[in-house]
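The values are calculated or read from the model by the stated rules, or taken from the named source; none is laboratory data. In this text the structure is predicted, and so the values were computed from the model without any measurement. Virtual Cβ from ideal backbone geometry, glycine too; neighbours counted across all protein chains shown. The area values use the complete protein model at the heavy-atom level, side chains included, leaving out ligands, DNA and RNA. Shrake-Rupley method; radii C 1.70, N 1.55, O 1.52, S 1.80 Å.
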Amino acid sequence: MLRIGSGAGFSGDRLEPAVELAEKGKLDYLVLECLAERTIALAQKRKKSDAAMGYDPLLEKRIRSLLPVLKQNNVRLITNMGAANPLGGAKKIIEIADELGLHVKVAAVTGDDVLPYILKKCDSLEFKPRLSENVSILSANAYMGASTIVPAIETGADVIITGRVADPSLFLAPMIHHFGWSTSDYELMGKGTVIGHLLECGGQLTGGFFADPGKKDVGGLAHLGFPLAEVQPDGSALLTKLPGTGGALTLRTVKEQLLYEVMDPSSYITPDVIADFTTVSLREDGNDRIVVTGGSGKERPSELKVSIGYDAGFLGEGEITYAGENAVGRAELAGAVIQERLQDCYEELTVDYIGITSAHRGSFSYEGIPYEVRLRVAGKTYEREKAKRIGEEVEALYTNGPAGGGGARKYLNEVIGIVSAMVPMDIVEAELQVMEVKPNGA
Amino acid sequence: MVRKLYELAHSRAGDKGDVLMLSLIPYEEGMYEALRERVTADRVELHLKHIVKGEVTRYEMPNIAALQFVCQGALLGGVTTSPGMDTHGKTLSYALLEMEVDL
């Protein structure tokens with residue numbers, strides 16, 4: 001049996017649940033999945049301005065709080081917090097271990113960065129969606145599979161840090177290593193991928209992003225516990241969470257997560273396998289305990305997906321609130337005024353009324369008039385100053401717009417677009433680097 | 001009797017680029033067949049016509065008594081470049097649950 005905990009479901013995830021899992025979970029491995037599609041392009045930008053950077057911005061904080069607990073409880077860490085710079089991340093972890101006086105071995109997996117190849121082959125590759133010419137490509141990272149992580153585990157490292165790998169592969173790799181599974185046993189690769197997929201979003205399996213008071217109640221949400229899996233050699237698993245933590249692990253929460261971000265459930269494609277979720281069975285085995293059996297797979301695709309980040313200009317936004325009698329009328333007047341003032345300046349100006357149309361684009365409404373409404377104006381452009389002007393014009397509604405507008409805010413953000421392309425598997429070569437630090441005198 | 005999907009089922013939204021995925025999971029597994037008959041891809045496409053610009057494909061998951069709807073062109077270009085408020089489309093599970101079915 002192998003116990004794997006999931007300590008983060010995204011880059012900005014909460015820190016405490018992972019520490020708690022490492023402390024009390026009797027884990028063999030803790031996995032932190034921290035890399036969204038766009039995150040790596042942003043990280044690439046940071047690396048450009050400082051070659052030592054480019055790993056996850058929360059790496060230092062997470063590692064500082066986790067490392068002593070991990071060492072004490074003999075739990076190994078697997079994470080994609082390396083982002084655009086796994087080697088830089090590994091060096092930082094060694095530095096922290098040294099400060100804390102811990103004996104730590106770190107293995108860094110690189111090779112996912114295929115930017116030179118993509119730039120060279122730019123004209124012959126098919127990008128999805130299509131990329132307009134003369135955009136500037138910032139990053140290109142191939143989704144590597146579990147087989148690139150297994151050698152890092154074999155080094156005996158306490159911490160395994162990667163860049164872009166498929167999320168479920170972070171969990172599948174320790175299963176392959178521990179049980180000696182063959183990576184061409186697609187049945188097992190499929191089962192392990194199901195477990196990895198269920199775990200990869202942390203608290204989303206245990207009642208996070210689930211509660212709807214009165215309909216789907218979740219106790220102790222403020223103290224949400226993250227999931228762990230007890231994996232068996234046959235690829236089945238018990239999903240559970242620590243006693244005393246908040247949240248809920250039920251058939252309902254597991255079903256929501258099994259289908260989360262899945263296109264065709266009979267063909268969930270990773271670099272390891274084409275997994276079939278339509279053969280998965282779920283069974284309740286007591287409070288906060290779900291047994292997962294079944295799941296299967298077919299031979300992995302011969303190509304790897306590459307996620308390509310490009311500079312998509314700037315997004316300027318402005319918001320202002322109206323409340324009380326005729327709030328909607330005044331907000332709509334404000335929206336019309338902004339449109340008149342800014343018309344012809346932007347290809348497309350988005351005007352939303354938060355409280356009425358901003359989330360579901362006005363598709364549905366309930367009877368009654370909202371007491372307060374917030375105008376939101378947004379537009380994209382390649383010129384920074386022009387993007388900034390949107391927020392400035394909304395702010396100027398204070399003295400130049402309808403009565404009683406308050407709480408104006410303006411935002412300016414760089415936009416990084418993502419497209420994908422497929423590349424032959426053999427152009428991606430995983431590399432492994434191991435570093436170690438021992439306390440003085442040891 | 002006309003019932004709102006919200007009363008009968010729960011849903012979670014996911015996104016990949018400009019594609020929105022919506023699960024539909026009946027609270028009672030016995031309700032799966034009734035929803036499978038009534039909540040077709042065409043009906044969802046019509047229900048979400050102001051949101052989903054492309055095709056809706058439905059996948060059936062009898063093993064867990066759930067349906068999955070994959071909606072193309074639903075996220076104003078997708079999370080990274082959308083000028084919208086909810087760039088991921090995280091709230092859109094509740095747009096699906098606004099649908100009414102006759103039971």
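Quick rundown of the values:
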quantity: Every residue from segment B:18-36 that is within 15 Å of the chain's Cα centre (by Cα), more than 10 Å from chain A (Cβ to nearest Cβ) and open to solvent by 10 Å² or more (accessible area, probe 1.4 Å); calculated: B:Tyr32, B:Arg36
quantity: Filter result for B:Val56 (over 21 Å from A:Phe209 (Cα atoms), open to solvent by less than 40 Å² (accessible area, probe 1.4 Å) and more than 7 Å from every other protein chain (Cβ to nearest Cβ)); calculated: yes
quantity: Meets criteria (within 14 Å of chain B (Cβ to nearest Cβ), assigned to a loop (DSSP other than H, G, I, E, B) and within 28 Å of B:Leu20 (Cα to Cα)) for A:Phe314; calculated: no
quantity: Residues of segment A:164-205 satisfying the condition of being small (Gly, Ala, Ser), within 17 Å of the chain's Cα centre (by Cα), under 22 Å from A:Leu304 (Cα atoms) and part of a helix (DSSP H, G or I); calculated: A:Ser169, A:Gly196
quantity: Pairs, first in contact (Cβ under 8 Å) with a residue 12 or more places away in the chain in segment A:86-105, second part of a loop (DSSP other than H, G, I, E, B) and of a type in the set (Val, Ile, Thr), C-beta under 9 Å, six or more apart; calculated: A:Lys105/A:Thr155
quantity: Enumeration of residues in segment A:95-116 that are within 23 Å of A:Val69 (Cβ to Cβ) and open to solvent by 30 Å² or more (accessible area, probe 1.4 Å); calculated: A:Glu95, A:Asp98, A:Glu99, A:Leu100, A:Gly101, A:Leu102, A:His103, A:Lys105
quantity: Test: residue in segment A:191-205 that is free of Cβ contacts under 8 Å to residues at least 40 places away in the same chain, farther than 25 Å from A:Asp113 by Cα, open to solvent by 10 Å² or more (accessible area, probe 1.4 Å) and among the charged types (D, E, K, R); calculated: no
quantity: Residue in segment B:68-85 that is modelled with the highest pLDDT, counting only those that are aliphatic (A, V, I, L, M) and either on the phi > 0 side of the Ramachandran plot or open to solvent by 20 Å² or more (accessible area, probe 1.4 Å) (or both); calculated: B:Met85
quantity: Failed criterion for A:Arg252 (all others in (1) more than 8 Å from chain B (Cβ to nearest Cβ); (2) surrounded by fewer than 23 Cβ atoms within 10 Å (Cβ to Cβ); (3) part of a helix (DSSP H, G or I) hold); calculated: (1)
quantity: Selection status of A:Lys61, under 20 Å from the mean Cα position of the chain (by Cα), at pLDDT 95 or above and over 24 Å from A:Leu172 (Cα atoms); calculated: yes
quantity: Identity of the residue in segment A:280-301, within 14 Å of another protein chain (Cβ to nearest Cβ) and open to solvent by less than 30 Å² (accessible area, probe 1.4 Å), that ends up farthest from B:Ala65 (Cα to Cα); calculated: A:Ser296
quantity: Condition broken by B:Val70, with the remaining ones in (1) more than 13 Å from the chain's Cα centre (by Cα); (2) facing chain A (nearest Cβ under 8 Å) satisfied; calculated: (1)
quantity: Unique match (being more than 23 Å from the chain's Cα centre (by Cα), closer than 26 Å to A:Ile96 by Cβ and assigned by TED's automatic domain parsing to the domain that holds A:Ala107) among A:Gly156, A:Gly214, A:Gly219; calculated: A:Gly156
quantity: A:Thr381 being farther than 26 Å from A:Thr39 by Cα and either in contact with a helix residue (DSSP H, G or I) (Cβ under 7 Å, 6 or more places away or on another chain) or open to solvent by less than 70 Å² (accessible area, probe 1.4 Å) (or both); calculated: no
quantity: Selection count where residues are open to solvent by 40 Å² or more (accessible area, probe 1.4 Å) and away from chain B (no Cβ under 13 Å), scope segment A:413-438; calculated: 13
quantity: Selection from segment B:7-17 of residues that are under 19 Å from B:Val52 (Cβ atoms) and open to solvent by 50 Å² or more (accessible area, probe 1.4 Å); calculated: B:Lys16
quantity: Which numbered condition B:Thr40 misses (of (1) surrounded by 21 or more Cβ atoms within 10 Å (Cβ to Cβ); (2) more than 8 Å from every other protein chain (Cβ to nearest Cβ); (3) among the polar types (S, T, N, Q)); calculated: (1)
quantity: Residue match in segment A:60-74 (condition: in the same structural domain as A:Ala18 (by TED's automatic domain parsing), among the hydroxyl-bearing types (Ser, Thr, Tyr), out of contact with any Gly (no Cβ under 9 Å at 6 or more places or on another chain) and open to solvent by less than 50 Å² (accessible area, probe 1.4 Å)); calculated: yes
quantity: Residues located in segment A:256-269, provided they are open to solvent by 10 Å² or more (accessible area, probe 1.4 Å) and either charged (D, E, K, R) or away from chain B (no Cβ under 13 Å) (or both); calculated: A:Glu261, A:Asp264
quantity: Among the residues listed as B:His88, B:His47, the single one being crowded, with 19+ Cβ neighbours inside 10 Å and either more than 10 Å from every other protein chain (Cβ to nearest Cβ) or of a type outside the set (D, E, K, R) (or both); calculated: B:His47
